[in-house]
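A.B. asks: Got a structure here, written out as structure tokens. Questions coming.
The values are calculated or read from the model by the stated rules, or taken from the named source; none is laboratory data. What you see is a predicted model, and the numbers here were worked out from it, not measured in a lab. Cβ placement follows ideal geometry from the backbone for every residue including glycine, while neighbour counts extend to all protein chains displayed.
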Amino acid sequence: VPAAKRDRLSTCYYVKDGKLLVFDDGQHSTYAQPPLLESGGGGLAGTAKDYLRFCRMLLNGGELDGARLLSPKTVALMTMNHLPGGRTMTEMMPLTTAFNESGYAGVGYGLGVGVTENVVATGLPGTKGEYSWGGAAGTYFFNDPKEELAVVFMTQVLFAPDRIKLRRDLRALVYGAMTESFAG
């Protein structure tokens, strides 16, 4: 993160013995230094506003504010289940950990996102075809293309024991607050 934007970095915490402890101080963050390894699977830094714009771009088939960033076919490919035979993560790995939502029953995996294949099996409100990603520090997004819905949840607590419950509660609150459905 450039020096001019470092004041926007949040402090990241972890839980030990029921207490929040600093893992990475936002003002002296490791994100202030060039990475030792460019990782496509972790280490992203951005604002909640930019994260929501990214989600909206995906919902818009790869376009945002008149600029095309991805082709509609690329977004479609990213957000479909690529597991063999259309299986879900729990069918592939029955002992998946609860690191993120892709370990739920009824969820397959696309190119970088969990994809809901069977809403009933997830035990959550939602729509077949929605997709999501949850980060290690508790960040989370889900997009529901049929409902034209993008949700971003930001927190910075590594491996908090209740992060999955928080995400489940968030989904229940969001869908429970909807008074109309576009899904048909």
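A.B. asks: Looking at the stretch 138-177, which of its residues are among the polar types (S, T, N, Q) and either outside the structural domain of residue 75 (by TED's automatic domain parsing) or at pLDDT 95 or above (or both)?
C.D. replies: First pass over the stretch 138-177, keeping only residues among the polar types (S, T, N, Q): 139, 143, 155-156.
Correct list: 143 only.
A.B. asks: From the list 15, 22, pick out the single residue that is loosely packed, with under 13 Cβ neighbours inside 10 Å and not in a loop (DSSP other than H, G, I, E, B).
C.D. replies: Values: 15 fails: loosely packed, with under 13 Cβ neighbours inside 10 Å.
Matching residue, one of 15, 22: 22.
A.B. asks: Answer with yes or no whether residue 97 is in contact with a helix residue (DSSP H, G or I) (Cβ under 8 Å, 6 or more places away or on another chain), part of a helix (DSSP H, G or I) and at pLDDT below 95.
C.D. replies: Numbers: in contact with a helix residue (DSSP H, G or I) (Cβ under 8 Å, 6 or more places away or on another chain): yes; part of a helix (DSSP H, G or I): no; at pLDDT below 95: yes.
Taking the combined requirement at face value, the residue does not satisfy it.
A.B. asks: For the stretch 33-64, give me each residue that is crowded, with 16+ Cβ neighbours inside 10 Å and either of a type in the set (S, T, N, Q) or not assigned by TED's automatic domain parsing to the domain that holds residue 79 (or both).
C.D. replies: Hit for the stretch 33-64 is 60, nothing else.
A.B. asks: Can you tell me how many residues within the stretch 151-177 are assigned to a loop (DSSP other than H, G, I, E, B) and exposed (fewer than 14 other Cβ atoms within 10 Å of the Cβ)? Before you say what the answer is, go through the steps one by one.
C.D. replies: Residues of the stretch 151-177 assigned to a loop (DSSP other than H, G, I, E, B): 154-156, 159-162.
With exposed (fewer than 14 other Cβ atoms within 10 Å of the Cβ) added as a condition, the list becomes 159, 161-162.
Total meeting the criteria: 3.
A.B. asks: Let me spell it out: the conditions are (1) free of Cβ contacts under 8 Å to residues at least 40 places away in the same chain; (2) touching an Asp or Glu at 6+ places or on another chain (Cβ under 9 Å), and residue 138 meets all of them except one. Which number is the exception?
C.D. replies: Of (1) free of Cβ contacts under 8 Å to residues at least 40 places away in the same chain; (2) touching an Asp or Glu at 6+ places or on another chain (Cβ under 9 Å), only one is false for residue 138: (2).
A.B. asks: Yes or no: the stretch 103-112 includes at least one residue that is assigned to a loop (DSSP other than H, G, I, E, B), among the aliphatic types (A, V, I, L, M) and either without any contact (Cβ under 8 Å) to a residue 40 or more places away in the chain or loosely packed, with under 15 Cβ neighbours inside 10 Å (or both).
C.D. replies: In the first step, residues of the stretch 103-112 are kept if they are assigned to a loop (DSSP other than H, G, I, E, B); the result is 104-106, 110-112.
Next, only the ones that are among the aliphatic types (A, V, I, L, M) stay: 105, 111.
Next cut, either without any contact (Cβ under 8 Å) to a residue 40 or more places away in the chain or loosely packed, with under 15 Cβ neighbours inside 10 Å (or both) only: 105, 111.
Yes, the conditions are met somewhere in the stretch 103-112.
A.B. asks: Same structure, new question: Out of 13, 109, 31, I need the residue that is modelled with pLDDT of 90 or more, farther than 24 Å from residue 145 by Cα and among the hydroxyl-bearing types (Ser, Thr, Tyr). Which one? Please lay out each step first, then the result.
C.D. replies: Values: 109 fails: farther than 24 Å from residue 145 by Cα; 31 fails: modelled with pLDDT of 90 or more.
Among 13, 109, 31, only 13 is modelled with pLDDT of 90 or more, farther than 24 Å from residue 145 by Cα and among the hydroxyl-bearing types (Ser, Thr, Tyr).
A.B. asks: Is there any pair with a first residue in the stretch 62-82 that is within 16 Å of residue 133 (Cα to Cα) and a second that is modelled with pLDDT under 95 and surrounded by fewer than 17 Cβ atoms within 10 Å (Cβ to Cβ) whose Cβ atoms are under 6 Å apart and which are 6 or more apart or on different chains, and what are they?
C.D. replies: 78/111
A.B. asks: Is one or more of the residues making up the stretch 117-137 modelled with pLDDT under 90, more than 17 Å from the chain's Cα centre (by Cα) and under 28 Å from residue 15 (Cβ atoms)?
C.D. replies: Looking through the stretch 117-137, at least one residue is modelled with pLDDT under 90, more than 17 Å from the chain's Cα centre (by Cα) and under 28 Å from residue 15 (Cβ atoms).
A.B. asks: Take the residues of the stretch 39-85 that are hydroxyl-bearing (Ser, Thr, Tyr) and modelled with pLDDT of 95 or more: which is nearest to residue 139 (Cα to Cα)?
C.D. replies: Pass one, the stretch 39-85, residues hydroxyl-bearing (Ser, Thr, Tyr): 39, 47, 51, 71, 74, 79.
Still in the running and modelled with pLDDT of 95 or more: 71, 74, 79.
Numbers: 71: 26, 74: 24, 79: 19 Å.
Among those residues, the one meeting the criterion is 79.
A.B. asks: Anything in the stretch 136-150 that is at negative phi and either crowded, with 18+ Cβ neighbours inside 10 Å or of a type in the set (S, T, N, Q) (or both)? List them, or say none.
C.D. replies: Residues of the stretch 136-150 at negative phi: 136-137, 139-147, 149-150.
Hits for the stretch 136-150 are 137, 139, 140, 141, 142, 143, 144, 145, 147, 149, 150.
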